[in-house]
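Have a look at the structure below, then the notes.
The values are calculated or read from the model by the stated rules, or taken from the named source; none is laboratory data. What you see is a predicted model, and the numbers here were worked out from it, not measured in a lab. We place every Cβ from the backbone using ideal geometry, glycine too, and count neighbours over all the protein chains shown.
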């Protein structure tokens, strides 16, 4: 993003939730799977929700689509390129001053090898390992659903 684009984005008023009138923060989260493992990153110590683990992503800029946000944040945090394949879930959390709308996308790693650039650490973990990592409350439904999905697929494969 150029300096001019950043200045323009700063001028745009945030979206408001229809019923509450609260500011809406749009967040993209990228669910990237490879060989049965999911890519998760650890938020930096001292940051909001640090040192929780999460699916890579972050806040959408006013000048980008939510899909572009997913690609940008993964590039900034891990130095890899992804394709955004499908919107999988949207979860909305309401806080006293704002509403956070999380868009969880199923994504494919297209190029690069992950590096901890904008995160503390990263890991490729199996769904059975999710319980060994602390995730933010907003991610827990997704983590549990992915773990259940993995168990169903394993059970079906065993038959």
**Message:** Here are the criteria: (1) over 22 Å from residue 66 (Cα atoms); (2) in contact with a strand residue (DSSP E or B) (Cβ under 9 Å, 6 or more places away or on another chain); (3) in a helix (DSSP H, G or I); (4) in contact (Cβ under 8 Å) with a residue 24 or more places away in the chain. Tell me which single one residue 151 does not satisfy.
**Reply:** (2)
**Message:** Among (1) surrounded by 14 or more Cβ atoms within 10 Å (Cβ to Cβ); (2) in contact with a strand residue (DSSP E or B) (Cβ under 7 Å, 6 or more places away or on another chain); (3) without any contact (Cβ under 8 Å) to a residue 60 or more places away in the chain, there is one condition residue 111 misses while meeting the rest; what is its number?
**Reply:** (1)
**Item:** Exclusive hit being at pLDDT below 95, crowded, with 16+ Cβ neighbours inside 10 Å and on the phi < 0 side of the Ramachandran plot, set 84, 100
**Value:** 100
**Asked** Taking segment 45-58 on its own, how many of its residues are assigned to a loop (DSSP other than H, G, I, E, B) and within 23 Å of residue 107 (Cα to Cα)?
**Response** 3
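Each row is one residue, and each column tells you yes or no for (1) more than 12 Å from residue 26 (Cβ to Cβ); (2) within 12 Å of the chain's Cα centre (by Cα).
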{"residue": "44", "(1), (2)": "yes, no"}
{"residue": "56", "(1), (2)": "yes, yes"}
{"residue": "59", "(1), (2)": "no, yes"}
{"residue": "62", "(1), (2)": "no, no"}
{"residue": "66", "(1), (2)": "no, yes"}
{"residue": "69", "(1), (2)": "no, yes"}
{"residue": "72", "(1), (2)": "yes, yes"}
{"residue": "83", "(1), (2)": "yes, no"}
{"residue": "92", "(1), (2)": "no, no"}
**residue 62 being farther than 23 Å from residue 136 by Cα, out of contact with any strand residue (DSSP E or B) (no Cβ under 8 Å at 6 or more places or on another chain) and either surrounded by 15 or more Cβ atoms within 10 Å (Cβ to Cβ) or modelled with pLDDT under 95 (or both)** = yes
**Asked** Looking at this structure, is residue 56 more than 22 Å from residue 23 (Cβ to Cβ), in contact (Cβ under 8 Å) with a residue 60 or more places away in the chain and in contact with a helix residue (DSSP H, G or I) (Cβ under 8 Å, 6 or more places away or on another chain)?
**Response** yes
**Request:** Report yes if some residue within segment 47-57 is farther than 17 Å from residue 37 by Cα, surrounded by 13 or more Cβ atoms within 10 Å (Cβ to Cβ) and modelled with pLDDT of 95 or more; otherwise report no.
**Result:** yes
